[in-house]
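The values are calculated or read from the model by the stated rules, or taken from the named source; none is laboratory data. Nothing here was measured: the structure is a model prediction, and the numbers come from that model. Here Cβ is always computed from backbone atoms with ideal geometry, including for glycine, and neighbour counts include all displayed protein chains.
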Amino acid sequence: MATEAARTRRTVTRRRFLPLSATALAGLSAAACSGEAALPTPGATVPTVPSATAVATTPAQPTAAPAGATAPRTGIQPTIVTQQSPLATPRAFREAPQLADRVEAGQLPPVEARLPKNPIAITPVERVGKYGGQWRAALLGGADTLWLSRTIGYENLVRWDPEWTKVIPNVAESFTFSADAKEYTFRLREGLRWSDGQPFTADDILFWYEAIQLNKELTPSRGVNPPTVEKIDGYTVRFRFEQPNGLFLPTLAGLDAVLSAATASPKHYLQQFHQKYNPQGVEQLARENGAEGWVKLFQLKGASVPGTPYQALWQNKDLPRLHGWSLTQPYGSGTRVVAERNPFYFKVDTEGNQLPYLDRVTYEVFQDAQTLVLRAANGEIDMQDRSLNADSNKAVFTENQQKGQYRFFESIPAVMNTNVIALNLTHKDPVKRQIFGNKDFRIGLSHAINRQEIIDIGYVSQGEPWQSA
């Protein structure tokens, strides 16, 4: 749901969000998405393209404009994908009034010193926004961290564009990949800073690789075909695979827990909790924090605890981050999660206003889904998809639309098909195995299914008949 800036109306979705659309929407209301650059065929020259516009919904009041994404791109052998900021020269940056007050009081460096040399510039969908306001959202239960990741926690080396059609630079300002898909090189944004003001460099990614990925106590298994990571210089890292990995960029652009940690593991903060970097003091820190040894301590401070829903990213407010908002009230500390504007965020709009526009994002934690539905129908949630978009809730939201002052918007499903019938071609029953293995039978079964009737009865007429093949 999203408060409409011009008419103070709110939004509830009718269809299922694509997994990253909530992230795009969070960026739209304040932080926006990175500049756009296509994922080309390995070895191909990447042509320059015009600007593209992000998925649009209305942001939380009084924010005036969600933001889209643009970026020309060029490429040579090996393929290079880069992002360029469409900023006027000379650059003139501005900031939120609250941050300007802190600069004047000597509590923060000037905005020019807080931004990287090449910040991402976001083209607004409607118009340049105004600073202020908050986004009121919701979480269901004590383990709803995925909604946090989708909305305010998506800052990987690369990311999907808002239409989810291209992998584009993000924390990395450019990347190169080899024609055999075994080597990927990323150039980081010089001057990029963590939320506590410390520099983000290649050393942070190397720390994630050496201290976490290669440590058997923290990472017992790295799976199949894991990469090796090397530091080329202070702002360049290279990932190498023994076998081709053509899906590495799409995976890196997703919410993969392992790869997302590459840009969420600040060395300057986490090394104190690691035995290799603090052999003399780490056990004392473990005792002070009630942890059983340094491994549990490290998990509590900067990773996750296996077998539990605990994630330090959302439950340790002291963990520096690259997100548009930083935690001030972490998950599990009460009935709300609160995140406030990160003064070192690395994105601006086309007029040089540092993002995000919104002062804060607040999530009320509900223990009961029906209570959340009633609160949303009463207009107390600004924008929400997760835990609300069930067809069973459609009647309630339709009836209360005028009273709650919200509107519906459609979103793109994450998958091509909601349901697919897959027959067991190796069934133990030899008769069924023969029938299921018959292609003509499977074609006939497909023709016999009345997809439109299923859509009308089971999905409140929301859908389109489709064939998975």
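Of the residues making up the range 378-424, those that are closer than 23 Å to residue 361 by Cα and among the small types (Gly, Ala, Ser) are 379, 387, 404, 411.
Name the residues in the range 440-469 that are closer than 21 Å to residue 391 by Cβ, exposed (fewer than 11 other Cβ atoms within 10 Å of the Cβ) and among the hydrophobic types (A, V, I, L, M, F, W, C), would you? Within the range 440-469, just 457 meets the criteria.
Per-residue answers, yes or no, for (1) of a type in the set (Gly, Ala, Ser); (2) at positive phi; (3) surrounded by fewer than 18 Cβ atoms within 10 Å (Cβ to Cβ); (4) modelled with pLDDT under 95:
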{"residue": "297", "(1), (2), (3), (4)": "no, no, no, no"}
{"residue": "305", "(1), (2), (3), (4)": "no, no, yes, yes"}
{"residue": "308", "(1), (2), (3), (4)": "no, no, yes, yes"}
{"residue": "313", "(1), (2), (3), (4)": "no, no, no, no"}
{"residue": "328", "(1), (2), (3), (4)": "no, no, yes, no"}
{"residue": "344", "(1), (2), (3), (4)": "no, no, no, no"}
{"residue": "353", "(1), (2), (3), (4)": "no, no, no, no"}
{"residue": "359", "(1), (2), (3), (4)": "no, no, no, no"}
{"residue": "369", "(1), (2), (3), (4)": "yes, no, yes, yes"}
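From the list 248, 239, 273, the lone residue that is in contact with a Ser or Thr (Cβ under 9 Å, 6 or more places away or on another chain), surrounded by 16 or more Cβ atoms within 10 Å (Cβ to Cβ) and within 23 Å of residue 149 (Cβ to Cβ) is 239.
Checking the range 168-190 against the condition returns a match, with at least one residue being under 30 Å from residue 362 (Cβ atoms), touching a residue at least 40 places away in the same chain (Cβ under 8 Å) and in contact with a Pro (Cβ under 9 Å, 6 or more places away or on another chain). Annotation note: of 255, 218, 249, 259, the sole residue that is assigned to a loop (DSSP other than H, G, I, E, B) and under 21 Å from the mean Cα position of the chain (by Cα) is 255. The single condition among (1) over 27 Å from residue 199 (Cα atoms); (2) touching a strand residue (DSSP E or B) at 6+ places or on another chain (Cβ under 8 Å); (3) of a type in the set (A, V, I, L, M) that residue 338 does not meet is (1). Criterion applied to 364, 351 was being assigned to a strand (DSSP E or B) and among the acidic types (Asp, Glu), and the one residue passing it is 364.
Within the range 258-281, identify whether any single residue is in contact (Cβ under 8 Å) with a residue 24 or more places away in the chain, within 23 Å of residue 142 (Cα to Cα) and not hydrophobic (A, V, I, L, M, F, W, C), and answer yes or no. Yes. Just so you know, in the range 104-125 the residues that are over 15 Å from residue 196 (Cα atoms) and outside any loop (DSSP other than H, G, I, E, B) include one that is farthest from the chain's Cα centre (by Cα), and it is 104.
Annotation: residue 286 fulfils all but one of (1) out of contact with any Asp or Glu (no Cβ under 9 Å at 6 or more places or on another chain); (2) without any contact (Cβ under 8 Å) to a residue 24 or more places away in the chain; (3) of a type in the set (Gly, Ala, Ser); the unmet one is (1). For residue 180, the requirement of being surrounded by fewer than 22 Cβ atoms within 10 Å (Cβ to Cβ) and at pLDDT 95 or above is met. So in the range 360-376, with the set limited to residues that are among the hydrophobic types (A, V, I, L, M, F, W, C) and touching a residue at least 40 places away in the same chain (Cβ under 8 Å), which one is farthest from residue 141 (Cα to Cα)? For the range 360-376, the residue satisfying everything is 361. As a summary of the residue check, residue 387 satisfies the conditions (1) at pLDDT below 90; (2) on the phi > 0 side of the Ramachandran plot except for the one numbered (1).
Please determine whether any residue of the range 388-405 is among the polar types (S, T, N, Q), touching a strand residue (DSSP E or B) at 6+ places or on another chain (Cβ under 6 Å) and assigned to a strand (DSSP E or B). For the range 388-405, residues among the polar types (S, T, N, Q), touching a strand residue (DSSP E or B) at 6+ places or on another chain (Cβ under 6 Å) and assigned to a strand (DSSP E or B): absent. Evaluate the following for residue 145: is it under 27 Å from residue 389 (Cα atoms), surrounded by fewer than 22 Cβ atoms within 10 Å (Cβ to Cβ), among the hydroxyl-bearing types (Ser, Thr, Tyr) and over 14 Å from the mean Cα position of the chain (by Cα)? Spelling it out, it is not the case that residue 145 is under 27 Å from residue 389 (Cα atoms), surrounded by fewer than 22 Cβ atoms within 10 Å (Cβ to Cβ), among the hydroxyl-bearing types (Ser, Thr, Tyr) and over 14 Å from the mean Cα position of the chain (by Cα). Taken over the range 289-326, the criterion of being touching a residue at least 60 places away in the same chain (Cβ under 8 Å) and over 30 Å from residue 131 (Cβ atoms) is satisfied by 295, 298, 299, 303, 309.
Here are some conditions: (1) touching a residue at least 40 places away in the same chain (Cβ under 8 Å); (2) surrounded by fewer than 19 Cβ atoms within 10 Å (Cβ to Cβ); (3) over 30 Å from residue 142 (Cα atoms). Residue 230 meets all but one. Which one does it not meet? It fails just one condition, (1).
Any chance the range 391-411 includes a residue that's β-branched (Val, Ile, Thr), more than 22 Å from residue 144 (Cβ to Cβ) and without any contact (Cβ under 8 Å) to a residue 12 or more places away in the chain? Scanning the range 391-411, I find at least one residue that is β-branched (Val, Ile, Thr), more than 22 Å from residue 144 (Cβ to Cβ) and without any contact (Cβ under 8 Å) to a residue 12 or more places away in the chain, so the answer is yes. If the condition is being in a helix (DSSP H, G or I), among the charged types (D, E, K, R) and surrounded by fewer than 11 Cβ atoms within 10 Å (Cβ to Cβ), then the range 415-439 contributes only 439. If you go through the range 197-215 and keep only what is surrounded by 15 or more Cβ atoms within 10 Å (Cβ to Cβ) and part of a loop (DSSP other than H, G, I, E, B), you end up with 198, 200, 201, 215. Here residue 422 fulfils each of the conditions (1) without any contact (Cβ under 8 Å) to a residue 12 or more places away in the chain; (2) over 30 Å from residue 439 (Cα atoms); (3) of a type in the set (Gly, Ala, Ser) apart from (2).
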